[in-house]
Structures are given as C-alpha cells and as structure tokens.
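Trainee: I have a structure I would like to understand better, so I am pasting it below and will then ask my questions one at a time.
Computed from the coordinates by the stated procedures, all read-outs in this text should not be read as laboratory data. Predicted, not measured: the structure shown is a model, and the values here were computed from it. In this analysis, Cβ positions are derived from the backbone assuming ideal geometry, glycine residues included, and neighbour counts consider all displayed protein chains.
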Amino acid sequence: MNTSLDCYVADPEGQLDWMTWDQDAKLLDFITHLADTSDTILMGRKMAPEFITYWEKAEKNPPDNDQARFAPRMVELDKIVFSKTLKSIQGKNVTIENGDLVKKVNQLKNQEGKDLIVYGGANFVSSLIQNNLIDDYYLFLNPTAIGKGLSIFTDKKPFQLVHSTAYDCGVVVNHFRSRATK
C-alpha cells in the first residue's frame, strides 16, 4: 500500500496525485517480485474499475515508461473484487465476490498456490485489517506529506518490522508483520 509521509493512503477525496510515479528500476523489480509471488489480487469495488481498465489499456498500448513491462502481469493475475452491490465488472480474469469477506479470504488463504496480494482501496484494506486478514504489510512510504486524508488504520495495532529498503526515487518500502496484542 502506498502511503504519504504522514501515513495517509489517499487525500480526503481519494486522489493519489501525491504518489511517486517515477519509480526507479530496483523498486519496479521489487514490485514485480511481489506480483510474481502472488496468483490472486484482492480489491474493493471502488478501486477495481479504474485499476482493471488502466492495466488492460497499458497492456494493449504500453505507456512510455518502466510500468509497461508490469502491465501483462497485472492483467493475467486472477482478480477478486469484493462488493456487496456489484454483480459484474468488465475485465480479464475478474471475479466478483458478494459473500462474507472473512470467510472468503480465509478460504483463499487456505488454498494451495501462491500468495494473495491486495491493491486496495482504503476502505477495503481497512476492513481486511479490522478482521486480521493481512499477514504481511508492504507499506510504500512516498516522500510527500499531504496534511490530511484517508487512513487504513482505525485502531491501535502492533507490528514487527521485517525489513526496510530505501529506493533512489525516494520511496521507502517497509515490510511489517502483524504482532498479537498483549
């Protein structure tokens, strides 16, 4: 999850114009590694249409940047969109899940295969956190403070830092694991 320096995941209107889009090759390699170790993307209904459309267009008409090599991975991965209202969505390898979030995510976590990866949005990720469904957190700290915005955390939650890496573009990726509250 991308965060601002002051730990927001979007501005109050959900905008992401503060994010570092000019990512360096090593960071893109790491993002590719995360995708390669996953076989399913989980996301909420608010983010899904834009996400799916962006990557499918990028695969057909690659942007003139390093993200072009990432587009086929994002299109080919299975995507499960969680929604209480949405019944269908256009896109390749997309499934809508209208059932119980906790039950479905735990079922997916117990299946054979690679990892699950979450691409948001803020409310969806917050629901996963509140239900203790995330094992590993990769927080991409962008070198911009936005002053106010949306947070994915609603309660106190302890973490263990696994690893932290600073990249030339200014993004610092912090890998955390949940730690049980004492």
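Trainee: Give me, ordered by chain and number, the residues 5 or more places off D78 or on other chains with an amide H under 5 Å from its own placed amide H.
Mentor: I41
Trainee: Could you tell me which of the pairs K46/K157; K103/K156; K84/K114; K57/K92; K79/K109 are separated by over 21 angstrom between their Cα atoms in the structure shown?
Mentor: Values: K46/K157 25 Å; K103/K156 24 Å; K84/K114 26 Å; K57/K92 12 Å; K79/K109 14 Å.
Result: K46/K157; K103/K156; K84/K114 exceed 21 Å.
Trainee: OK, next. Given a Förster distance of 22 angstrom, what is the FRET efficiency for D168 paired with L5, based on the Cβ-Cβ distance and rounded to 0.05?
Mentor: Details: r = 17 Å, r/R0 = 0.77.
After rounding to 0.05, the efficiency reads 0.80.
Trainee: Assuming 0.36 nm per residue, please report the length gained on full extension of the stretch Q111 to E13 beyond their Cα-Cα distance. Provide the component values of the computation, followed by the final result.
Mentor: Details: separation 98, 0.36 × 98 = 35.28 nm, distance 3.63 nm.
That pair, Q111 and E13, stretches by 31.7 nm at full extension.
Trainee: Rounded, prolate or oblate, given the Cα gyration tensor of region 1-89, with a/c below 1.5 counting as rounded? Working shown, then result.
Mentor: Details: a/c = 1.57, a/b = 1.08, b/c = 1.45.
Cα axes put region 1-89 in the oblate bin.
Trainee: Exposed loop sites here are GluC sites (Glu not before Pro) in DSSP loop states with at most 11 other C-beta atoms within 10 Å. What is the longest stretch of the chain lacking them?
Mentor: Values: sites that count: E13, E112.
Segment 14-111 is the longest.
Trainee: Mean residue ellipticity at 222 nm from the helices of the chain, using -39,500 (n - 2.57) per DSSP H segment of n ≥ 4 over the full residue count, to the nearest 500 deg cm²/dmol?
Mentor: -8000 deg cm²/dmol
Trainee: Relative to the present Cα-Cα distance, how much length would full extension add between K104 and T37 at 0.36 nm per residue of separation? Don't skip to the end; give the middle numbers.
Mentor: Values: separation 67, 0.36 × 67 = 24.12 nm, distance 2.03 nm.
Fully extending the segment from K104 to T37 adds 22.1 nm.
Trainee: May I ask for log10 I(q)/I(0) of region 117-182 at q = 0.17, 0.21, 0.24 Å⁻¹, from a Debye sum over the Cα atoms as equal point scatterers with solvent left out?
Mentor: With one equal scatterer per Cα and no solvent, log10 I(q)/I(0) is -0.70, -1.04, -1.24.
Trainee: Of [x] 0.94; [y] 0.96; [z] 1.63, which one was derived for Rg/Rh (Cα atoms, Kirkwood Rh) from the structure shown?
Mentor: Checked against the structure: label [x].
Trainee: Rounded to the nearest 0.05, what FRET efficiency do K157 and E76 have when you use their Cβ-Cβ distance and R0 = 30 Å?
Mentor: Values: r = 33 Å, r/R0 = 1.10.
Approximately 0.35, to the nearest 0.05.
Trainee: For region 1-135, what is the charge dipole size about the Cα centre, in debye to the nearest 20, if Lys and Arg each add +1 at the Cβ and Asp and Glu each add -1 at the Cβ? Don't skip to the answer; put the middle values down first.
Mentor: Details: 15 positive and 21 negative charges, 138 e Å.
The calculated dipole for region 1-135 is roughly 660 debye.
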